Structures are given as C-alpha cells and as structure tokens.
1. What is the calculated FRET efficiency for Asp100 to Tyr28, with r their C-beta to C-beta distance and R₀ = 25 Å, to the nearest 0.05?
2. State the extension gain, in nm to one decimal, for the chain segment bounded by Ala116 and Arg19, taking 0.36 nm per residue of separation less the distance between their alpha-carbons.
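Quick note: the coordinates plus some simple rules give every number you see, no bench work behind them. None of the values given here were measured: they were computed from a predicted structure. Reconstructed Cβ throughout: ideal geometry from the backbone, glycine too, with neighbour counts over all protein chains shown.
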Amino acid sequence: MAVEGKPVELVLDTGEADREYTEEQLQYLLAELQQIDLTSINRVSRAPAPSGTRSGDAVELGALLIGLGGSGALLPVLVGLVQDWLNRQRSGTIRLKIGDDEIELTAASDEMRQRALEEFLRRHGE
C-alpha cells in the first residue's frame, strides 16, 4: 500500500512532563523538517491523555500532521531525518503513523528496530 495522498502523523514524546522543554524540542525538529520539501506540516490538537499516564500534556504538544505530497517518495527522507534527529538528542521517542499503521522510533537503534523500520517503509513504498 503506497503512502500517496495520506498524511503522516508524527508524535514527539520527550519523556518529560515539562511543556516548555517539549515545545523547545519540537521547534528544533520543526526547523529541520522545514528543510525538506514537504507539502505541509500542521500542529495537531489532541485531547489530553488520561491522568496518571506518562507525559500526557507533552505528547499532546508534540503532535504534527505531515503531508508528503504525490508519490510518498519523501517518506524515507522523513524517516531518516527523524531517526538522525533522535540519535543526536539521545533521548525521546517519535511515533510515525500512516492510517492504521504505526511505528515507534527511539534514540537507540538496533538490528530489530532497523528491520521494523525497513518493513514499515516497504509497506508504504510504491
């Protein structure tokens, strides 16, 4: 199934409940995302997570909806940018979701995560 015409939901979870820190990190990520030729990047309003869940407000703050445009050829570029950004931050998690399919990327990369990422890209390739 190709990603064509489907937006990618990106959710940044810094692991911190501090809204200012999460907003700061999201701004750094947005600055990098704006360097690639994405069709659109929009903030997503979410209902707060139930009380007692980890960093509910921070996750709400870190949600974006990204338009890749026509063929979805930018998906590997987007994923590479996100993985590189996480590795430089050395903490946090980013979830990418296309339709009902979702993958969680973390700063730590190992062979199993790489295979999961390759499978995710394969499912949404041309």
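1. 0.30
2. Stretched fully, the Ala116-Arg19 segment lengthens by 31.9 nm.
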